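Right, one structure below, let's go through it.
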Amino acid sequence: MRIDPDSWNIIQKIIRRYQASAEEWQTAPKDTARYERLSRETAAVEAAMAGLTPEEQDVVRERFWTYRDKNKSYEDMINQPFSPRQMRRICYKMVYRTGKELGEI
């Protein structure tokens, strides 16, 4: 299934911000819209990660959480046991599952 480019970018940003969002969610005041959004985003990323194998989780961590402002290139991820094509499929699966959990897709 094809994902709209705007939705794709939104979901990737949510995945990239996961670590900061999880920390902020712990300290955010409860019963606010921001707390609810952070809670929903954190739960969606955690649910999508839970559906991946440990090797696939390593690919996602390296791709999305190595740099804060951009994704790491598949060609630069040479220490992974997957080809760039396989890593694209793994990251697509992560983005798709996160988007389904969030309701973006």
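The values are calculated or read from the model by the stated rules, or taken from the named source; none is laboratory data. Values in this document were obtained by computation on a predicted structure and should not be read as measured data. Here Cβ is always computed from backbone atoms with ideal geometry, including for glycine, and neighbour counts include all displayed protein chains. Side chains are part of the model used for accessible areas, which takes the heavy atoms of the whole protein and leaves out ligands, DNA and RNA. Shrake-Rupley method; radii C 1.70, N 1.55, O 1.52, S 1.80 Å.
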Can you tell me which residues in the stretch 71-85 are surrounded by 14 or more Cβ atoms within 10 Å (Cβ to Cβ) and among the polar types (S, T, N, Q)?
ASN71, GLN80
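Among helices (runs of 4 or more DSSP H) lying entirely in the stretch 5-104, which contain 3 or more residues that are under 11 Å from the mean Cα position of the chain (by Cα)? Before the answer, list the steps.
Values: elements: 5-16, 18-27, 33-50, 54-65, 84-102.
Per the criteria, 5-16, 33-50, 54-65, 84-102.
If I ask for residues that are out of contact with any Leu (no Cβ under 9 Å at 6 or more places or on another chain) and surrounded by fewer than 18 Cβ atoms within 10 Å (Cβ to Cβ), which ones from the stretch 86-100 would you list? Talk me through it step by step, then tell me what you get.
As a first pass, look at the stretch 86-100 and keep what is out of contact with any Leu (no Cβ under 9 Å at 6 or more places or on another chain): 86-89, 91-92, 95-96, 98-100.
Answer for the stretch 86-100, where residues must be out of contact with any Leu (no Cβ under 9 Å at 6 or more places or on another chain) and surrounded by fewer than 18 Cβ atoms within 10 Å (Cβ to Cβ): GLN86, ARG88, ARG89, TYR92, TYR96, LYS100.
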Out of GLU36, GLU104, I need the residue that is in contact with a Ser or Thr (Cβ under 6 Å, 6 or more places away or on another chain) and open to solvent by 50 Å² or more (accessible area, probe 1.4 Å). Which one?
GLU104
Close pairs from the stretch 82-94: first without any contact (Cβ under 8 Å) to a residue 12 or more places away in the chain and farther than 18 Å from ILE3 by Cα, partner in a helix (DSSP H, G or I) and aliphatic (A, V, I, L, M), Cβ under 9 Å, at least 6 apart
GLN86/VAL59
Within the bounds of the stretch 51-59, is there any residue that is under 17 Å from ILE11 (Cα atoms) and either open to solvent by 70 Å² or more (accessible area, probe 1.4 Å) or of a type in the set (Lys, Arg) (or both)?
no
Filtering the stretch 1-29 down to residues that are among the aromatic types (Phe, Trp, Tyr) and within 17 Å of CYS91 (Cβ to Cβ), which residue is most open to solvent (accessible area, probe 1.4 Å)?
TRP8
